[in-house]
1. What are the pairs, 6+ residues apart or on separate chains, where a residue within the range 8-21 that is at pLDDT 85 or above has its Cβ under 6 Å from a residue that is outside any loop (DSSP other than H, G, I, E, B) and open to solvent by 50 Å² or more (accessible area, probe 1.4 Å)?
2. (1) in contact with a Phe, Trp or Tyr (Cβ under 8 Å, 6 or more places away or on another chain); (2) open to solvent by less than 80 Å² (accessible area, probe 1.4 Å); (3) at pLDDT below 85; (4) more than 30 Å from Ile4 (Cβ to Cβ): which one isn't true of Ser45, the others all being true?
3. If I filter the range 79-124 down to residues being open to solvent by 100 Å² or more (accessible area, probe 1.4 Å) and farther than 30 Å from Lys36 by Cβ, which single residue comes out as modelled with the lowest pLDDT?
4. So which residues in the range 130-149 are touching a Ser or Thr at 6+ places or on another chain (Cβ under 9 Å) and either modelled with pLDDT of 90 or more or not in a loop (DSSP other than H, G, I, E, B) (or both), if there are any at all?
5. Which is modelled with pLDDT of 85 or more and open to solvent by less than 100 Å² (accessible area, probe 1.4 Å), of Lys71, Lys38?
6. Select from the range 48-68 the residues that are open to solvent by 40 Å² or more (accessible area, probe 1.4 Å) and part of a loop (DSSP other than H, G, I, E, B) and list them in ascending order.
7. In contact (Cβ under 8 Å) with a residue 40 or more places away in the chain and under 18 Å from Val93 (Cβ atoms): does that describe Ile63?
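The values are calculated or read from the model by the stated rules, or taken from the named source; none is laboratory data. As the structure is a prediction and not an experimental result, all values here were calculated from the model. All Cβ positions, glycine included, derive from the backbone under ideal geometry; neighbour counts span all protein chains shown. Calculation scope for accessible area: heavy atoms of the full protein, side chains included, ligands and nucleic acids excluded. Shrake-Rupley method; radii C 1.70, N 1.55, O 1.52, S 1.80 Å.
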Amino acid sequence: MSLIICSECGKEISDKASVCVHCGYPIKKEKDLHTKKKFVYMCMSDACLSNPFKEFDEYKDGIQVCPDCGKQLEYYETEIIDNNTNLVVERSVEESQKDLQNTQFSNKPKCPTCHSADIKKVSVTSKVTNTALFGIFGTKRYKTFHCNNCGYEW
């Protein structure tokens with residue numbers, strides 16, 4: 001932690017402070033003064049395959065329309081861009097999208113053997129065929145999922 005000078009009252013304050021503890025003046029971080037936020041969205045349309053990423057100045061809760069093809073875009077990430085060099089300083093994902101992504105991935109079953117999410121349901125046809133061929137010795141009728149990665153069925 002280092003000390004900086006408040007531009008309003010001239011007293012020393014912590015560089016971590018968001019407001020001056022002496023006068024209450026809001027302290028703009030050096031990073032905030034020289035950067036801008038861009039919200040990156042991705043177009044899944046075949047018409048936009050050559051340039052699928054689109055940048056916007058507003059977030060709009062993750063809902064944007066592609067300016068090229070008119071289809072709805074999917075939120076990808078937020079970039080903090082340096083105004084002087086025009087380079088990306090930081091990349092992040094908006095909080096509402098993090099919650100959505102965690103929900104999507106946490107509810108999907110995974111293979112108990114290899115923990116892969118690349119699985120498929122065992123079809124009824126496959127269960128019937130296995131029972132017809134092997135009778136009471138066929139065990140597929142009790143299985144629900146098949147792992148495409150390691151082949152384990154449970």
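1. Pairs found: Glu12/Leu3.
2. (1)
3. In this case the residue turns out to be Phe105.
4. The answer is Asn130, Lys140, Arg141, His146, Cys147.
5. Numbers: Lys71 fails: open to solvent by less than 100 Å² (accessible area, probe 1.4 Å).
The match here is Lys38.
6. Across the range 48-68, the qualifying residues are Leu49, Ser50, Asn51, Asp57, Glu58, Ile63, Pro67, Asp68.
7. Details: in contact (Cβ under 8 Å) with a residue 40 or more places away in the chain: no; under 18 Å from Val93 (Cβ atoms): yes.
In short, no.
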